[in-house]
Amino acid sequence: MNAINTLFNIQYPIIQGGMIWVSGYKLASAVSNAGGLGLIGAGSMYPEVLREHIQKCKKATSKPFGVNVPMLYPNIEEIMNIIVDEDVKIVFTSAGNPKTWTAFLKEKGITVVHVVSSSLFALKAQNAGVDAVVVEGFEAGGHNGRDETTTLTLIPMVKEKITIPVIAAGGIGSGRGMLAAMALGADGVQVGSRFAASIESSAHDDFKQTIVTTEEGGTQLTLKELAPVRLIKNKFFNDVQSLYDNNGSKEDLVTLLGRARAKKGMFEGDLIEGELEIGQIAGLIHDIKPAGQIVNEMIAEFKDAKVALISMDF
Ligand SMILES: Cc1cc2nc3c(=O)[nH]c(=O)nc-3n(C[C@H](O)[C@H](O)[C@H](O)COP(=O)(O)O)c2cc1C
């Protein structure tokens with residue numbers, strides 16, 4: 001028995017995190033077909049594009065899947081109405097207040113999960129009525145909390161505060177990582193970066209190749225004054241750092257960031273001027289492979305590592 005498998009009616013407690021420019025219906029359905037839970041990332045989609053992805057996902061899998069809605073983007077009301085209209089059963093919200101949409105979604109019979117990066121916000125999400133939380137540590141790719149709390153410390157601290165199921169995220173890209181998170185009390189894991197470097201990911205091929213060649217220390221959490229985000233250290237990242245070195249203001253950062261940097265980097269493959277979001281675990285990602293294979297290998301390694309630990313004696 002596993003609380004996450006029961007909550008979503010899936011086989012393995014592996015969630016493929018919603019990722020702007022990376023997780024369309026192809027990735028989500030591939031993960032769901034392999035027994036995990038795939039999430040369509042609505043954050044980079046116009047409402048009608050999201051509708052199309054949901055409809056295609058329904059055709060590509062008969063298994064449960066969900067939609068991730070980062071609440072910092074525009075058109076949220078329209079997006080939520082499409083989700084209800086298309087009869088999506090699972091929604092992961094992030095980057096906003098869980099109170100805003102949880103009651104609305106729950107009333108429609110939708111399972112709601114909220115992404116947090118601290119135990120304080122985990123408690124707020126529980127109080128808002130969500131079914132589970134994703135607790136995301138400092139290691140994670142994409143947008144993140146300001147406090148730099150690692151996944152290793154965050155999981156047990158959240159477990160002290162809340163009673164609903166906990167999904168750990170940040171730095172998990174292998175079966176061993178999954179086992180470690182679950183040893184700390186997580187009921188399941190959310191994996192982002194590892195799936196960004198999959199065949200079905202809609203990231204640009206050049207970005208995928210960059211993930212595979214990124215080494216330990218190749219990423220950093222930056223832009224904390226705007227919305228903290230972990231980036232690969234490319235020219236754009238270095239430009240941001242130069243601005244910090246020269247005491248640039250918040251306005252200077254906004255101007256430098258401009259518009260559509262993430263699309264430019266991750267979707268259009270501009271490795272120089274684009275924003276390349278990826279987690280620390282990139283240092284352990286050495287190949288681009290089918291998402292289903294990633295799920296199967298994680299589960300096989302999880303099981304082997306669990307057996308190896310049981311036989312360890314002191
Ligand atoms: C390229 C990229 C885009 C992401 N976009 C989103 C997003 O749109 N919404 C969200 O809630 N999280 C987003 N994330 C975070 C992931 O859903 C996930 O929680 C995180 O990647 C887990 O950490 P990991 O990268 O170490 O596996 C993104 C992560 C990456 C790498």
**Fill in**
Set Lys89/Lys263; Lys26/Lys208; Lys59/Lys264, cut-off 20 Å on Cα-Cα distance; pairs above it are Lys89/Lys263; Lys59/Lys264
**Asked** Which residue, Thr151, Thr61, Thr93, tops the fluctuation ranking in a GNM of the chain built on C-alpha contacts under 10 Å?
**Response** Thr61
**Asked** Accessible area of Met182, 1.4 Å probe, to the nearest 10 Å²?
**Response** 40
**Prompt:** How much length is gained if the chain between Asp85 and Arg146 is pulled fully straight, taking 0.36 nm per residue apart and subtracting their Cα-Cα distance, in nm to one decimal?
**Reply:** 18.4 nm
**Item:** Cβ-based net charge around Gly177, under 11 Å, with every Lys or Arg adding one and every Asp or Glu removing one
**Value:** 0
**Request:** Select from Ser23, Ser32, Ser62 the residue whose mean-square fluctuation is largest in a Gaussian network model of the chain (Cα-Cα springs shorter than 10 Å).
**Result:** Ser62
**Message:** How large is the accessible surface of Arg51 in square angstrom, using a 1.4 angstrom probe and rounding to the nearest 10?
**Reply:** 50
**Request:** State the percentage of accessible surface on the chain attributable to carbon and sulfur atoms; use a 1.4 Å probe and exclude ligands, DNA and RNA.
**Result:** 52
**Complete:** Counting Lys and Arg as +1 and Asp and Glu as -1 over every other residue whose Cβ sits under 9 Å from the Cβ of Ser201, the net charge comes to +1
**Asked** aspartates and glutamates within cross-link reach of Lys108: Cα-Cα under 19 Å, excluding same-chain residues under 8 positions apart?
**Response** Glu77, Glu78, Asp85, Glu86, Asp87, Asp131
**Asked** In nm, to one decimal, how far is the Ile164 label point from the Asn97 one, both placed 7 Å along Cα→Cβ?
**Response** 1.7
**Request:** Report the net charge of residues surrounding Ala282, where surrounding means a beta-carbon distance below 14 angstrom and charges are Lys +1, Arg +1, Asp -1, Glu -1.
**Result:** -1
**Asked** Equivalent-ellipsoid semi-axes (√(5λ), Cα gyration tensor) for region 77-182, whole Å, largest first?
**Response** 25, 14, 13
**Message:** Please list the three semi-axes, largest first and in whole Å, of the ellipsoid equivalent to the chain, using sqrt of 5 times the eigenvalues of its alpha carbon gyration tensor.
**Reply:** 27, 23, 20
**Message:** Principal axis extents for region 250-289, Cα atoms only, whole Å, descending order, please.
**Reply:** 39, 20, 12
**Item:** Column: log10 I(q)/I(0), Debye, Cα scatterers of region 131-248, q = 0.15, 0.16, 0.18 Å⁻¹
**Value:** -0.75, -0.84, -0.99
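The values are calculated or read from the model by the stated rules, or taken from the named source; none is laboratory data. Worth saying up front: this structure is predicted, and the values here are computed from it rather than measured. All Cβ positions, even for glycine, are placed from backbone atoms using ideal geometry, and neighbour counts span all protein chains on display. Accessible surface is based on the protein model in full, side chains and every heavy atom, while ligands, DNA and RNA are left aside. Shrake-Rupley method; radii C 1.70, N 1.55, O 1.52, S 1.80 Å.
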